[in-house]
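Reading through the C-alpha cells given below for one structure.
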Amino acid sequence: MTIELKNEYLTVQFKTLGGQLTSIKDKDGIEYLWQADPNYWNGQAPILFPICGSLRNDWVIYRPQERPFFKGLIRRHGFVRKEEFILEEINDNSVTFSIKPNAEMLENYLYQFELRVVYTLNGKSIRTEFQVTNLEMKKTMPYFIGAHPAFNCPLVEGENYEDYYIEFSEVESCSIPKSFPETG
C-alpha cells in the first residue's frame, strides 16, 4: 500500500512494507530519494531495528550470565525493514506506522516491543521520529535503531556527484558504544 503526504513544496510517499519512505519529489517533479534500481541496490530508506550493521555470523547471545543463555539470529540491519507495518494514523501533514513482534521475530529477539515511526511534513522538511517501547518493562531491552535513506545524486542532468556536499546547520556530535569489529 502506498501512502502520500503533499504540501506546496513536496510530495512524499511511503509504504507499509518496512514503514519506509519511497519517494520525495519537489514541486518541479525532481525525485530526491533513490528509486531502488536492483542493478545497484534495491533498498530505498529502510528502518534498521533492533540492530544497525552486522553481528559476527549474524548471531547474538542474550543474557550470557544466565544458564542456559539464549542465542538468536539477527541478520544485517535487523528485521523490521522486511516486515509489514500497520498504518496507524494519517492526517494532512503526518503519517504514523507501528509494528509489534510476530512469532518469527520473537524466536530470535526475546523482547516484546512496539516500534512507532512518525513522519511529519513541514514546508520543505520531513521529520522522522522513532518511538520504541519496551512492553515488558521488567527487563532491559537492548537495541539500536537507525535509518538508511538513499538519495539520488546527481539530481539534474549535466551535474556530477562531486558537485554535491552535506552541510549541517550546527556542529554535530554523538556518543556511540564502542564496537569490536574483530569479534563482532
ask   = Is segment 129-150 home to any residue that is under 30 Å from residue 27 (Cβ atoms) and open to solvent by less than 40 Å² (accessible area, probe 1.4 Å)?
value = yes
remark   = Within segment 27-58, of all residues that are under 18 Å from the mean Cα position of the chain (by Cα) and polar (S, T, N, Q), the one most open to solvent (accessible area, probe 1.4 Å) is 42
query = Within segment 87-97, can one find any residue that is at negative phi, without any contact (Cβ under 8 Å) to a residue 24 or more places away in the chain and buried (at least 16 other Cβ atoms within 10 Å of the Cβ)?
reply = yes
Qualifying residues in segment 1-21 (those that are part of a loop (DSSP other than H, G, I, E, B) and within 19 Å of the chain's Cα centre (by Cα)) - the one modelled with the lowest pLDDT = 1
message = Every residue in segment 151-184 that is at pLDDT below 90 and surrounded by 10 or more Cβ atoms within 10 Å (Cβ to Cβ), please.
response = 184
ask   = Give me the pairs: first residue in segment 25-40 and small (Gly, Ala, Ser), second residue surrounded by 12 or more Cβ atoms within 10 Å (Cβ to Cβ) and in a loop (DSSP other than H, G, I, E, B), beta-carbon distance under 9 Å, and six or more apart or on different chains, which are they?
value = 36/43; 36/44; 36/150
query = From 24, 61, which residue is surrounded by fewer than 13 Cβ atoms within 10 Å (Cβ to Cβ), over 15 Å from the mean Cα position of the chain (by Cα), part of a strand (DSSP E or B) and of a type in the set (A, V, I, L, M)?
reply = 61
request  = Would you check if residue 109 is surrounded by 12 or more Cβ atoms within 10 Å (Cβ to Cβ) and modelled with pLDDT under 90?
outcome  = yes
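The values are calculated or read from the model by the stated rules, or taken from the named source; none is laboratory data. On a predicted model such as this, the values are computed, not experimentally measured, just so you know. Using ideal geometry, Cβ is built from the backbone for each residue, glycine included, and neighbour counts are taken over all protein chains shown. Heads up: the accessible areas ignore ligands, DNA and RNA and are worked out on the full protein's heavy atoms, side chains in. Shrake-Rupley method; radii C 1.70, N 1.55, O 1.52, S 1.80 Å.
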